[in-house]
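The values are calculated or read from the model by the stated rules, or taken from the named source; none is laboratory data. In this text the structure is predicted, and so the values were computed from the model without any measurement. Virtual Cβ from ideal backbone geometry, glycine too; neighbours counted across all protein chains shown.
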Amino acid sequence: MHQFVEIGLAIANPDKPDRPVNSPNFNYVAEPVLVKLVRSFGNTEWPDAIPGFVRNLGKLKSLHHRDREMMKIAVTLPGGAIRYLSAGGQNVLVRDILAEFCPRFTPGARVLYLGDAGGKLTIDELAAFNELGVSLDVHGKMPDVVVHLPDRNWLVLVEAVTSHGPVDNKRKLELQALMKECTCGLVFVTVVPDRRTLTRYLSVIAWETEVWVAENPTHMIHFNGERFLGPYAS
């Protein structure tokens, strides 16, 4: 369906344009102008309708593209660069991670990766991981944010959780396997929007990981007593 959306023949989520792309309720409808054209097939309006539709196709494409761009979430990287993520879902939390978590708990860090349900690993992102000795599988399940602290040689793997996906034991093992070639110490962080959301996951969050609650940005919850925000030996 992606190609039909790009050329203006289909509309994604007309009922809720900011619906996350990984939502089970994500849907498409045919562009009303296309529907009108199809319904004219076989009658006297059909010959005249085709040229008009072709003339307007470019306008439809531009209109839908502009609408999609307006729905995106702008995030500012530590260096000041602006990046736009798909609207909705965990990307609102990703924005909070960059604006609040990183300056407080990973100052001077380099953001290697920003997950976006509407995108894939870029060539530059793959190259950044290669510098750390990590050859990533483009089909592997990446965390939502990956931050590198070169002065401490840490790689901070962050999962933004709104409805699912905290760093439980299973996810921790998956991330360790994904980054098994990395020469950095691995730090695992679960991010939730508020304490109410946190209560749903307290029973499954893995030990030796961290939790950050966006509504209380100056604090962090440490799921162990040995050290605070640091990697552990495997």
Checklist entry - Looking only at region 160-177, which residues are in contact with a helix residue (DSSP H, G or I) (Cβ under 8 Å, 6 or more places away or on another chain) and at pLDDT 95 or above? => result Val167
Checklist entry - Which one is surrounded by the most Cβ atoms within 10 Å (Cβ to Cβ) among residues in region 84-132 that are of a type in the set (A, V, I, L, M, F, W, C) and at pLDDT 90 or above? => result Ile97
Checklist entry - Can you name every residue in region 40-63 that is closer than 18 Å to Ile11 by Cα and modelled with pLDDT of 75 or more? => result none
Next on the checklist: If I filter region 164-177 for residues that are small (Gly, Ala, Ser), surrounded by 13 or more Cβ atoms within 10 Å (Cβ to Cβ) and at positive phi, do I get at least one hit?
Outcome noted: yes
Item to check | Of the criteria (1) assigned to a loop (DSSP other than H, G, I, E, B); (2) in contact with a His (Cβ under 6 Å, 6 or more places away or on another chain), which one Leu155 fails | outcome: (1)
